[in-house]
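A short write-up of the structure that comes next.
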Amino acid sequence: MLQITDYRPELHAAFEHLNRAWIEAHFALEPEDLRVITQPQEYILAPGGLILMALEHGVPVGTVSLKKVDDQTFEMVKMTVADSVRGKGYGKILCQAILDKAREHGARRVMLYSNTEHCGPAVRMYRQMGFLELPLEKNVIYDRADIKMEKNLYPMTPAERAHLIESYGQAYEKITAALAEFPRAMWQWRPAPDKWTIHENVIHLADSEAHSYARCRKFIAEPGSTVMAYDQNRWTEQLDYHRQSIEDALEQFRLLRRNSWRLIRTLPDAVWAHTIEHPENGTMRFEDWLRIYENHTHIGSMQRVHRAWLRAGAPR
């Protein structure tokens, strides 16, 4: 039986052990890690954060923490479960519990940093729970972090929605500006067998935008209906993305995005509460669609490919 409980001083040894285990399995302990896991009272709790522990039959098997960033924002840190209980869904239970606690503490949003290479299952779980990728700052506190994500805990205000709509309409310009930073000679360079190239990322954007275009209209015209899911990795392989034109894909993206942007700019407020059913994500609000696709540029993914290419010595 799993019990989620608040941190107590007598659980400190387990808190430190659990966090040391997952960090040292893939990374080196960084100064911020050591500060947090050895002195959680000072670096998490005293500034207004909190820690939860997962106990299975009284034995600590997982933990997650929130660090207070400001009155409306918390950062989720030190999320892990023991190897012995992986696959039981405890990570998702812990994540939901800490989000509920964040709401109780007045947060409007929760953000986190992670690593897509070594923490892939966790990143996929965060996406399933509604976390969206944000641009990664240059001076991130953790060297291992290569992705930043955020989840909004409440419906957006009209002002927030207006800002996201305008940003949504600027996606093509953001993507083309980012592509200009990557040498064309490395656009089909693959950082690992299971990772996409920059070329594949761009073709995916065009295909994804076609789905987004249809889903947008489903939200407006057929609320409550079901939309189609698709296997994006299978599409990448079976449709031979490397043989498809980057220029055509970008133009497709530009036209579809422009048409949807023009459509949503003047919608009545009530429409944004419409829902559709997604086979993988369940019930989704129209606002969720806007949050997802406003930032669906894959710029972060392409930047990670470029950084890997540079680390590999810029191979030809």
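Suppose we filter A14, A46 for residues that are touching a Pro at 6+ places or on another chain (Cβ under 6 Å) and not charged (D, E, K, R); which single one remains?
Values: A46 fails: touching a Pro at 6+ places or on another chain (Cβ under 6 Å).
None of the others qualify; the one that does is A14.
Please verify whether K68 is out of contact with any Phe, Trp or Tyr (no Cβ under 7 Å at 6 or more places or on another chain), basic (K, R) and either at negative phi or not in a loop (DSSP other than H, G, I, E, B) (or both), treating the condition exactly as stated. Taking the combined requirement at face value, the residue does not satisfy it. If only residues of the range 99-119 that are touching a strand residue (DSSP E or B) at 6+ places or on another chain (Cβ under 6 Å) and not in a helix (DSSP H, G or I) are counted, the one that is surrounded by the most Cβ atoms within 10 Å (Cβ to Cβ) is V110. Going through (1) over 25 Å from the mean Cα position of the chain (by Cα); (2) exposed (fewer than 13 other Cβ atoms within 10 Å of the Cβ); (3) touching a residue at least 12 places away in the same chain (Cβ under 8 Å) one by one, V59 falls short only on (3). Among the residues of the range 10-29, the ones that are of a type outside the set (G, A, S) and surrounded by 14 or more Cβ atoms within 10 Å (Cβ to Cβ) come to 10 in all. When you look at A122, is it of a type in the set (A, V, I, L, M), part of a helix (DSSP H, G or I), closer than 28 Å to E30 by Cα and at pLDDT 90 or above, yes or no? Answer is yes for this residue. Here A162 meets the list (1) farther than 18 Å from I292 by Cβ; (2) out of contact with any helix residue (DSSP H, G or I) (no Cβ under 6 Å at 6 or more places or on another chain) almost entirely, failing just condition (1).
Only helices (runs of 4 or more DSSP H) wholly contained in the range 206-316 count here; list those with 3 or more residues that are in contact (Cβ under 8 Å) with a residue 40 or more places away in the chain and surrounded by 12 or more Cβ atoms within 10 Å (Cβ to Cβ). Break it down into steps so the answer makes sense when it comes.
Details: elements: 232-238, 246-264, 286-294, 299-311.
Fully inside the range 206-316 and qualifying: 246-264, 286-294, 299-311.
Residue-wise test of (1) within 28 Å of P193 (Cα to Cα); (2) more than 24 Å from the chain's Cα centre (by Cα); (3) modelled with pLDDT under 95.
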| residue | (1), (2), (3) |
| --- | --- |
| G224 | no, yes, no |
| W235 | yes, no, no |
| H242 | yes, yes, no |
| N259 | no, yes, no |
| L267 | no, yes, no |
| V271 | no, yes, no |
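The values are calculated or read from the model by the stated rules, or taken from the named source; none is laboratory data. The shown structure was predicted, so the numbers you read here are calculated from the model rather than taken from an experiment. Cβ atoms come from the backbone with ideal geometry, glycine included; neighbour counts cover every protein chain shown.
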